[in-house]
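Peer 1: A single structure is presented below for examination.
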Amino acid sequence: MQSYSLKEHIDTAAVQTLTEDLLSLRGQDLDVDAGETTFIGALGLQVLIAVFRQWGVDGFAFRITVFSDAFSQAASGLGIDPSEIGMTAASGEVAA
Amino acid sequence: MTFAASDDFRASFFEECDELLEAMQDGFVCMVDGSSDAETIHVVFRAVHSIKGGAGAFGLNDLVGFAHEFETVLDHVRADRLPSTDEILLLFQQCGDYLTDLVAAARENGSADRARSEALLKRLDELSRTSRGPSADASRAAPDAEDFQPLALDLGDLDLPQDPPPSGWLISVKTDPELFTSGNEPLILFRALSRFGETKVLARTDDVPLLSACDPTLCNITWQIELHTETAEDVVLDAFDFVLDCAEITITPLRGSPEIGLTPLIAEPLSNPAMAEDEVAHVIEANQARSISAPVDKPVSLPPPATSQTIRVDFERVDKLINLVGELVIKEAMLAQAVEAIDLPRANDVLQELDGLKQLAGEIQEGVMAIRAQPIKPLFQRMARTIRDAGTLTGKTVRLVMKGESAEIDKTVLERLVDPLNHMVRNSVDHGLEAPELRVTAGKAAEGSITLSAAHRSGRVIIEITDDGAGIDRNRVRQLAEEKGMISPDVAMTDAEIDALLFMPGFSSANEVSELSGRGVGLDVVRSEITALGGRLSVSSEKGQGTTFSISLPLTLAVLEGMVVEVAGQTMVVPITSIRETLHASAAELHTIGADIRVLSVRDTLMPVADLGAMFGFRDEQMDLEDRIFLLIETDTEKSCALIVDALQDQRQVVIKSLETNYCQIDGISAATILGDGRIALIVDPEAIASGIAVPNPVAMPISAPTEGVAHVAI
């Protein structure tokens, strides 16, 4: 299982890199760690929706296994359902 | 609607205005000191806009007209159509001051300075014309009271013609790429909405493509936000003001039941840790038509919601309550004294319960006093205006720094501080700070700084006015005092003594009486006013570094810490703050000057002696001072004397009762109190007594030989 850690601050400027990083990880199951993320905006979450859908079509699993409060609050604040971006808790832990 | 209801709403409106003006001034302070962010100008705009809205409902057309022009230019600045220069910021502050005047005038049914209004409006109009584009405010037309909805006020009971209010607003948001490239973020915008009320956010993600086709700079998500609020549409739209040119925002009234009708999002981890491929596909399918609602989390940095947990109470009611609690404390003392007379055994329940009652009464008194305590911040904000005006008049640029403005002080003390503090900050600008060119020459910033600070120390509140000016020119002060005949040229004086000359009546350190400070009110008057509040005024200064005036005030004028003394069978109270020490008569150095002037020699200083009993006609002048006790008094104006009393009873807090209100003013007496035995005790005014006693000139007067050594008892 491939893993990927989201950066702390994912604003408009960071979205391009995020997209490229995740594109390079296609074709395999992927666990994402968002435990250190202190900010993620609408474009960043949109990339994660696109990734989640891409992985589904490609036939691989995509999960956000660890996420910070800031991450989940950003998703809820923008009306994004956790299931749209594969938010789960494989390890049963949620980063503070 | 009854007149009473109308009056209530009107009063409520003006109270709202006070809060809004305070928020506006806070915004200006942030903008001046550079700590403002994008939200700051928004807060200022909203404050002015809200005042305009409320004023419209009450037909206060002057206020509406000015606020409208003011907010128009504020809007240009917040929409970046005008730069936020120092000049514009100064104009904003002046407009804020005038808006404050207009509110005050409307409250008193008076009128404000029209000439000033015209001058400010002219400058606002000039700025509007130079702005880089049309105002986002659709109501750019001539000010018209009917255009505006009252804000922040619940006017439901008013008979104003208005449509049934919507339960909120449904806001649709579609973003352009420019929204993101200009540094804006939907998440922040949506969170900002939560201050108006409960929000539910629905993201439409149908158009989000697969990653392989995703352009990360284009946002394919659109939103619908259900905002449950009574806030007016234009105020809600203000939250989007920065993005109106890079997003499609539509707002429609929300009536009746929620229109999105979604279950709240639970931002918790999903239970299924590893989804199978078919489940993933299912989720994707399901997501195509998913609609979600989410309560928007409030970030810590956002201002709190407009509604606060407060009630408004008539000041007279609080005053009455304070008086009653004072009576309670007195009754408790009387009860304690009565029980003491019974001489009950120490372990008796009555004594224990009485202790509990005493503690409870004390706590109630403290709690009631706290009701009347108010933060000092509005007073400091008033000083900001004084400093600004003084700076303009003297051609000095002055930065105000406020510290500890949340410290609280009794409302009555606060009100009486306005004049002295006004004078002192004017004095600091005029005399304390150097002219900009002199500051630059001295290696300082051209902009002067005045710091107002407040802090609680030892049951008192300390207010300091500090400037970073040149400091007191003591040579000049001394020279002036000598020229005015206030001091003898050959008298050696310490720095503190020279500084104290500033508080002498008739002293002015300015070479010429200036338009600003030279208004016939000297620091001596300021000191008198502070002293009348039970306060002390002191000054410290360092050459080239600046000067600090320090005011020490009691937290309340309702109680006083006093020494209860016995004089000729009468009980009197001497404020503890003025007692330096006590001496026993048998051990005192006593001298007689002339025929009947008696002085006490304490550490090479002669103090006039006053017999409290004789002074108030309780007995004839005491000539035999054996077994008498002397209270050495030193007042805030540095006058000293020794008061003869027969015995010290107790040191305790007493409830102050006005003599003027209940009887009449008596020289040498500041107030009265009621003791535990029900008797009235007069509270001595040390300042008046020390001033009324002739201080003998130690050089000119023959002094008799000392009698005995001195034993000091510090208290």
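The values are calculated or read from the model by the stated rules, or taken from the named source; none is laboratory data. Computed from a prediction, not measured in an experiment: that's the story for all the values here. Positions of Cβ are generated from backbone atoms using ideal geometry, with glycine treated the same way; all protein chains shown enter the neighbour counts. Side chains are part of the model used for accessible areas, which takes the heavy atoms of the whole protein and leaves out ligands, DNA and RNA. Shrake-Rupley method; radii C 1.70, N 1.55, O 1.52, S 1.80 Å.
Peer 1: DSSP loop (so not H, G, I, E, B), at most 12 other Cβ within 10 Å: list which GluC sites (Glu not before Pro) in the range B:82-133 pass both filters.
Peer 2: Values: sites: B:E87, B:E108, B:E118, B:E126; in loops: B:E108.
The qualifying sites are B:E108.
Peer 1: Got a sec? What order do B:Y663, A:Y4 fall in by accessible area at 1.4 Å, biggest, i.e. largest, first?
Peer 2: Working: B:Y663 160, A:Y4 40 Å².
Ranking B:Y663, A:Y4 by accessible area, largest first, yields B:Y663, A:Y4.
Peer 1: Helix-only mean residue ellipticity at 222 nm, chain A, DSSP H runs n ≥ 4 weighted -39,500 (n - 2.57), per residue, nearest 500. What is it? Can you show the working numbers first?
Peer 2: Numbers: 3 runs with 38 residues, N = 96.
Rounded to the nearest 500, it is -12500 deg cm²/dmol.
Peer 1: Determine which lysines satisfy two conditions relative to B:K484: a Cα distance under 24 Å, and not lying fewer than 8 residues away in the same chain.
Peer 2: Output for B:K484: B:K543, B:K639.
Peer 1: Further, regarding this structure: Return the FRET efficiency for the residue pair B:F315, B:V418: r is the Cβ-Cβ distance, R0 is 25 Å, and the value is rounded to the nearest 0.05. Provide the component values of the computation, followed by the final result.
Peer 2: On the way: r = 16 Å, r/R0 = 0.66.
Working from the Cβ atoms, E equals 0.95.
Peer 1: Can you tally the net charge around B:E561? Count Lys and Arg as +1, Asp and Glu as -1, for every other residue whose Cβ sits under 12 Å from the Cβ of B:E561.
Peer 2: On the way: positive: B:R460, B:R652; negative: B:D650.
Net charge in that neighbourhood comes out at +1.
Peer 1: Based on alpha-carbon centroids, what's the gap between the range B:308-357 and the range B:407-459 in Å, whole number please?
Peer 2: Distance between centres, Cα-based: 41 Å.
Peer 1: Which residues in the range B:404-421 place their backbone N less than 14 Å from a point set 7 Å from the Cα of B:A455 along the Cα-to-Cβ direction?
Peer 2: B:404-407
Peer 1: Anyone know which of A:T37, A:T17, A:T65 comes out most mobile in the 10 Å Cα GNM of chain A?
Peer 2: A:T17
Peer 1: Using a Förster distance of 22 Å, how high is the FRET efficiency between B:D113 and B:D18, based on the Cβ-Cβ distance and rounded to 0.05? Write out the running numbers ahead of the final one.
Peer 2: Working: r = 20 Å, r/R0 = 0.93.
Between B:D113 and B:D18 the formula returns 0.60.
Peer 1: Could you give the C-alpha radius of gyration of the range B:557-626 expressed as a fraction of 2.2 N^0.38 Å, taking N as the number of residues it contains?
Peer 2: Working: Rg = 13.7 Å, N = 70, 2.2 N^0.38 = 11.1 Å.
Taking the Cα Rg and dividing by 2.2 N^0.38 Å, one obtains 1.24.
Peer 1: Among all helices in chain A defined by DSSP H, which have a length of 30 Å or more along the axis from Cα atoms plus a Kyte-Doolittle mean of at least 1.6? Please list the in-between numbers first.
Peer 2: Values: long enough: none.
Span-like helices in chain A: none at all.
Peer 1: Sticking with this one: Shielding by partners for B:186-193, please: the mean number of other protein chain Cβ atoms within 10 Å of each residue's Cβ.
Peer 2: On the way: counts 7, 11, 4, 1, 4, 4, 0, 0.
For this peptide, the per-residue mean of nearby foreign Cβ atoms is 4.
Peer 1: Taking the Cα centre of the range B:315-373 as origin, sum charge times position over the Cβ atoms of Lys and Arg (+1) and Asp and Glu (-1), and report the length of that vector in debye to the nearest 20. Could you put the intermediate results ahead of the total?
Peer 2: Numbers: 6 positive and 11 negative charges, 42 e Å.
Taking the Cα centre of the range B:315-373 as origin, the dipole is about 200 debye.
Peer 1: I'd like the accessible area for B:H431, computed on protein heavy atoms only with a 1.4 Å probe and all protein chains in place. Round to 10 Å², please.
Peer 2: 70 Å²
Peer 1: With 19 Å as the limit, write out which pairs from B:K331/B:K657; B:K174/B:K200; B:K377/B:K411; B:K331/B:K411; B:K403/B:K444 have Cα-Cα distances beyond it, or answer none. Before the final figure, lay out the partial values.
Peer 2: Values: B:K331/B:K657 14 Å; B:K174/B:K200 16 Å; B:K377/B:K411 12 Å; B:K331/B:K411 26 Å; B:K403/B:K444 22 Å.
Too far apart for the 19 Å limit: B:K331/B:K411; B:K403/B:K444.
Peer 1: Output the Cα-based Rg and Dmax of the range A:2-84 in Å, rounding Rg to one decimal and Dmax to a whole number.
Peer 2: Looking at the range A:2-84, its Cα Rg and Dmax stand at 11.6, 31 Å.
Peer 1: Among the aspartates and glutamates, which have Cα under 20 Å from the Cα of B:K122 when same-chain residues fewer than 8 positions away are ignored?
Peer 2: B:D62, B:E69, B:E71, B:D75, B:D86, B:E87, B:D97, B:D101, B:D113, B:D137, B:D144, B:D389
Peer 1: Based only on Cα atoms, what Rg/Rh ratio does the range B:367-507 have, Rh being taken as Kirkwood's radius? Walk me through the numbers on the way to the answer.
Peer 2: Values: Rg = 17.5 Å, Rh = 16.9 Å.
The Rg/Rh ratio comes out at 1.04.
Peer 1: Could I ask something else about it? For B:R628, tell me the accessible area in Å² from a 1.4 Å probe, rounded to the nearest 10.
Peer 2: Rounded to the nearest 10, that gives 50 Å².
Peer 1: If each of B:E581 and B:E230 carries a label point 7 Å out from its Cα toward its Cβ, how far apart are those two points in nm?
Peer 2: 6.5 nm
Peer 1: Moving on to the next point. I'd like the distance between the alpha-carbon centres of the range B:661-677 and the range B:6-47, rounded to an integer number of Å.
Peer 2: That distance is 43 Å.
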